[in-house]
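A short reminder: the numbers here are calculations on the coordinates, not readings from a lab. The shown structure was predicted, so the numbers you read here are calculated from the model rather than taken from an experiment.
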Amino acid sequence: MPIIAADRLEKTFVRGRGARRRVTHAVRPLSFAVEAGEFVGFLGANGAGKSTTIKMMTGILHPSGGAVAVDGLSPQRDRVALALRLGIGFGQRTQLWWDLPLTESYRLLRVMYRVAPHDYAQRLGRLAESTSTGP
Ligand SMILES: Nc1ncnc2c1ncn2[C@@H]1O[C@H](COP(=O)(O)OP(=O)(O)OP(=O)(O)O)[C@@H](O)[C@H]1O
Ligand SMILES: [Mg+2]
């Protein structure tokens, strides 16, 4: 049995009503299988539906159609049991807290990822330098 099996998995987001109704087919019917022990890269352009697919695999989102099984469990039905058995890291925007200044988000992440203070200072300096628009 594959460790991950997606069967015509799909997700459609609907926002707004009437004339302002917007439908996004974030994931069109997608089927694939991953065997235990396989390392898999999931590539696609921005907006291709990667995060949405992974969110359905973890139970964060419910599919609009089809189904996915992870380690024999349904992420939607068995969300808590599955959460104890998987690890997931999201990058980019979802790594930041809207209510905190950027630098505070970075400080928190430094602790979570156990980055040594001197490494942190060095990387932050490099980042600030590379993005600086000042004179
Ligand atoms: N909660 C949501 N409501 C409405 N539309 C959404 C929502 N989440 C994602 N979308 C839309 O669904 C599509 C797929 O988004 P998704 O975030 O899954 O793409 P992605 O492949 O992870 O992109 P990126 O490489 O930028 O992370 C995009 O058009 C996005 O705007
Ligand atoms: Mg994404």
Running a GNM on the chain with Cα contacts under 10 Å, which residue among G44, G18, G66 ends up with the highest mean-square fluctuation? G18
Quick one: helix 102-112 against the long Cα principal axis of the chain, what's the angle to the nearest 10°, folded into 0 to 90? 70 degrees
Crossing angle, helix 117-131 versus the chain [Cα axis fit, 0-90 degrees, rounded to tens]: 90 degrees
Highest-fluctuation residue, H62, H118, H25 considered, GNM on the chain with Cα pairs under 10 Å: H118
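Expressed in nm², what is the orientationally averaged projection area of the convex hull enclosing the Cα positions of the stretch 4-88? Walk me through the numbers on the way to the answer.
On the way: hull surface 25.2 nm².
Computed as one quarter of the Cα hull surface, the answer is 6.3 nm².
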